[in-house]
Amino acid sequence: MTKKWALVAVAGTLALAACSSDLPEDSSPAGAPSSESRKSEFFDQAEYDRQLRLRTVTPQGPEGKPWEQMLEPEMVDTAKFAKPGGNYRLCFSNAAVDNPWRQVGFKTMQQEVKLHPEITDFVVLDAEAKDDKQISDIQSLTGRSCSAIIISPNTTATLTPAVEQACASNVPVIVFDRGVNTECPITYIHPIGGFAFGAYGAEFLKEQVKPGGKVLALRILPGVDVLEQRWAAANEIFAGSELDVVGVEFTDGDAAKTKSVVSDYIQREGQIDGVWMDAGATAVAAVEAFQDAGVDVPPIVGEDQQDFLRLWVDENLTAVAPTYPTYQWRTPIIAALKILKGEQVPKEWVLPQPQITADTVRDYVKEDMPPLHYAMCGCEDMPGYPGPWK
Amino acid sequence: MTWRPRLADGTAPVLVVLLLLLVGLAIAGPAYDEPAGYLALLKRAAPLMILAIGQYFVIVSGGFDLSVGALVTAGVVIAARLIDGDESATPWVILLVLGFGLLVGLVNGLVTTKLLVPSFIVTLGMLLVLDGATFLWTDGAPRGALSAGFRTFGRGALDVPGLGELPWSVLILAAILVAAALFMRSGTGRTLVAVGDNDAVVRLSGGRVDRLRLLAFVLSGLLAAVAAILLGGFAGVSAQVGNGLEFRAITAVVLGGVLLGGGRGSVVAAAAGALSLEALFTLLNLLGVSGALESAVQGVIIIAAVAYAAHGGGLRHRLRWRPKRTPAQPAPS
């Protein structure tokens with residue numbers, strides 16, 4: 001009898017362990033019908049309008065080098081940080097390299113460093129997507145006599161105090177990619193922004209999908225400001241349209257989960273007329289779900305990975321690819337060098353954020369690059385291409 | 001003497017549950033009005049069913065194998081990195097992945113039997129080792145790509161004249177299931193069950209307990225590698241494909257009436273348990289129940305099934321049809 005009770009206890013423990021499994025919390029309820037849409041708490045009307053407008057503004061800067069261009073910059077003086085003579089140690093606290101976008105970006109950044117002989121040391125600390133590790137990484141960098149500190153924060157709110165501490169150490173701090181809630185960094189580098197990204201995709205679907213059509217929204221994860229902004233913009237546009245958003249699901253950027261979610265929705269709804277995604281790393285998995293179900297692939301929003309672009313061309317899909325260009329990883333190095341030379345930089349360095357449409361997609365397909373290579377890397381003219389990116 | 005197919009102990013309840021779920025699906029979903037819908041369900045469930053068969057061998061012999069989920073992830077990641085889109089690499093990478101599964105099973109089995117560490121702990125440790133090694137190798141984002149040839153098994157189908165398109169995963173599943181059922185009816189298979197029931201007796205009567213346990217772990221690792229090939233083919237490269245699969249497999253086996261701790265249960269029931277689990281989740285999805293409840297449902301099933309197995313024995317006996325038996329009379333002297 002006791003053996004059996006012990007077994008029941010073990011089974012109970014197993015079950016409890018399964019309840020706290022590595023499956024992340026998907027907080028979203030199934031379906032957010034557009035008729036009673038709630039505005040996302042990340043939605044900011046003024047910023048939204050500004051970003052949508054910036055899409056049409058002509059950038060300042062060298063032609064053909066979007067990573068050096070700026071949109072409506074307000075310059076700040078950096079003369080006090082000038083350190084002539086070269087011999088710079090640049091320090092970089094990286095949130096993670098846990099997705100292909102970041103991996104391509106990081107490779108591009110490393111190659112950019114190689115272009116500048118005045119940088120003699122490039123210290124990189126990888127926080128492995130953990131906030132507490134990144135906080136301690138930044139603290140350790142402030143003690144390393146860096147000429148400049150570059151930070152790509154893991155999350156916005158939690159990393160703000162650490163960034164403020166770094167600023168207080170009198171070393172120029174550059175923040176890029178995701179943002180923080182403080183004005184202390186010398187410059188904050190980012191493309192136009194999440195609202196513009198989300199809007200590109202949502203506007204495309206609004207145009208392509210018939211009124212009353214069912215749209216499935218797929219998101220990677222909650223809580224990251226750039227991603228929340230994308231959904232907030234799309235939500236706003238869908239609310240003002242006649243599209244029926246049948247589901248908003250989190251996929252963790254995982255291909256298997258994306259495929260299951262899409263297949264489930266196809267089964268549940270009978271037909272999906274459009275797919276909006278906040279990032280395209282799993283766009284191919286979503287397309288495959290439709291192919292496996294034997295139905296036509298509906299209009300779909302992807303991103304600039306090679307596997308999606310190739311599939312788009314080969315299968316003649318109706319698609320659009322907003323980009324969050326990986327060439328933005330070149331800009332922090334350029335900005336750091338400008339600051340150390342005492343040149344002016346914009347307080348907020350807004351980079352152009354192109355989208356790839358059916359007219360331009362063929363220019364971006366590169367058959368010999370790996371499937372998860374990002375077309376907007378700005379790396380084709382760099383020495384050694386394509387070696388390090390393969 | 002006519003051969004009558006006999007269902008092993010405890011198989012009937014899970015088959016009834018499966019039948020109810022399939023009927024439920026037919027009612028709830030338009031896709032299940034034709035065989036193609038059920039075939040798609042079988043295709044999706046095939047990797048889990050294969051994992052459940054592997055897990056059955058280990059559980060019925062008295063152990064646990066918690067490493068299969070991490071093994072599946074590792075298999076997919078390794079395959080993607082080594083193939084890197086090159087079609088010609090497919091055959092040897094498939095062999096390598098199967099060999100890797102065999103090796104992991106071998107290590108699990110050897111540590112359990114030779115070092116006498118409980119299998120729960122050994123395989124838990126192996127899960128952590130594989131998880132960590134995978135993360136170390138990929139930094140969290142797997143590289144490379146699986147070739148179309150590799151993905152045929154998980155995604156593709158074979159044109160069978162007369163039956164139409166049968167998915168490869170279903171064919172592989174059928175072959176494995178038949179082989180497993182035949183194996184369990186053989187002498188080695190029966191001894192495996194006996195090991196789970198009372199290994200001291202088996203040892204005293206000359207059976208090689210350690211070798212049988214080792215065999216069970218090796219089979220579990222090998223079948224996990226097969227599941228990795230099918231899952232990698234189905235969904236592509238992913239670093240989370242194996243998350244939670246070991247608990248799903250154990251739930252499936254337990255749902256199939258196999259006793260945790262070993263000694264009773266049939267492999268067909270374990271596979272039916274896996275199919276029931278997949279059918280249940282599909283049904284819940286069709287009814288609009290949130291996907292987040294899947295873990296909770298699994299937990300309830302495990303607890304209920306084990307509690308039933310521990311206490312429901314009396315109920316089973318009372319409900320079983322038995323001809324009246326008179327007490328034995330002593331032979332007239």
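Just so it is clear, none of the values below were taken in a lab; they were calculated from the coordinates. Just so it is clear, the model here is predicted, and its values are computed rather than measured. Reconstructed Cβ throughout: ideal geometry from the backbone, glycine too, with neighbour counts over all protein chains shown.
Computed values, structure above
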quantity: Charge dipole (debye, nearest 20) of the range A:109-220; +1 at Cβ of Lys and Arg, -1 at Cβ of Asp and Glu; calculated: 540 debye
quantity: When each of A:Lys80/A:Lys338; A:Lys80/A:Lys114; A:Lys65/A:Lys114 is checked by Cα-Cα distance, pairs over 23 Å; calculated: A:Lys80/A:Lys114
quantity: Computed lengthening from B:Leu95 to B:Ala200, 0.36 nm per intervening residue step minus Cα-Cα distance; calculated: 34.1 nm
quantity: Alpha carbon centroid spacing (whole Å) that separates the range A:84-122 from the range A:127-141; calculated: 17 Å
quantity: Residues A:Met277, A:Met369, A:Met75 arranged by fewest to most Cβ contacts within 10 Å; calculated: A:Met75, A:Met369, A:Met277
quantity: Global form of the range B:78-196, assessed from the alpha-carbon gyration tensor, a/c cut-off 1.5; calculated: oblate
quantity: 0 to 90° range, to nearest 10: angle between helix B:11-28 axis and chain B longest Cα axis; calculated: 50 degrees
quantity: Degrees between helix A:225-239 axis and first principal axis of chain A (Cα, 0 to 90, nearest 10); calculated: 50 degrees
quantity: Zone residues, the range B:264-280, relative to B:Ala307, backbone N less than 15 Å from point 7 Å out along Cα-to-Cβ; calculated: none
quantity: Overall Cα dimensions of the range B:221-294 - principal axes, largest extent first, Å; calculated: 37, 33, 17
quantity: Hits among lysines - C-alpha to C-alpha of A:Lys107 under 16 Å, sequence gap 8 or more where chains match; calculated: A:Lys390
quantity: D_trans [Stokes-Einstein, Kirkwood Rh over alpha-carbon pairs] for the protein assembly as shown, 4 °C, 1.567 mPa s, µm² s⁻¹; calculated: 46 µm²/s
quantity: Sequence of A:Tyr48, A:Tyr385, A:Tyr324 once ranked by neighbouring C-beta atoms within 10 Å, starting from the fewest; calculated: A:Tyr385, A:Tyr48, A:Tyr324
quantity: Translational D in µm²/s for the range A:266-307 (Stokes-Einstein at 25 °C, 0.890 mPa s, Kirkwood Rh from C-alpha pairs); calculated: 229 µm²/s
quantity: Three semi-axes of the equivalent ellipsoid, the range B:1-121, Cα gyration tensor, whole Å, largest first; calculated: 32, 26, 14
quantity: Of A:Asp132, A:Asp359, A:Asp278, the one that fluctuates the most in a GNM where chain A has Cα springs shorter than 10 Å; calculated: A:Asp359
quantity: Efficiency of FRET between B:Arg190 and B:Val160 - r from beta-carbon atoms, R0 25 angstrom, step 0.05; calculated: 0.15
quantity: 20 Å Cα-Cα reach of A:Lys130 towards aspartates and glutamates, excluding residues that sit fewer than 8 places from it in its own chain; calculated: A:Asp22, A:Glu25, A:Asp26, A:Asp98, A:Glu164, A:Asp177, A:Asp225, A:Glu228, A:Asp252, A:Asp254, B:Asp131, B:Asp139
quantity: For the range B:159-226, radius of gyration divided by Kirkwood radius, i.e. Rg to Rh on alpha-carbons; calculated: 1.17
quantity: The protein assembly as shown, helix-only ellipticity at 222 nm - DSSP H runs n ≥ 4, -39,500 (n - 2.57), divided by all residues, nearest 500; calculated: -17000 deg cm²/dmol
quantity: With 20 Å bins from 0: P(r) over chain B, alpha-carbon pairs, percent; calculated: 30, 57, 12, 1, 0
quantity: Degrees separating the helix A:255-269 axis from the principal Cα axis of chain A, which is the longest one; calculated: 40 degrees
quantity: Equivalent ellipsoid semi-axes - Cα gyration tensor, chain A, angstrom; calculated: 37, 27, 20
quantity: Radius, Kirkwood style, for the range A:223-309 when every pair of distinct Cα atoms is counted (Å); calculated: 13.5 Å
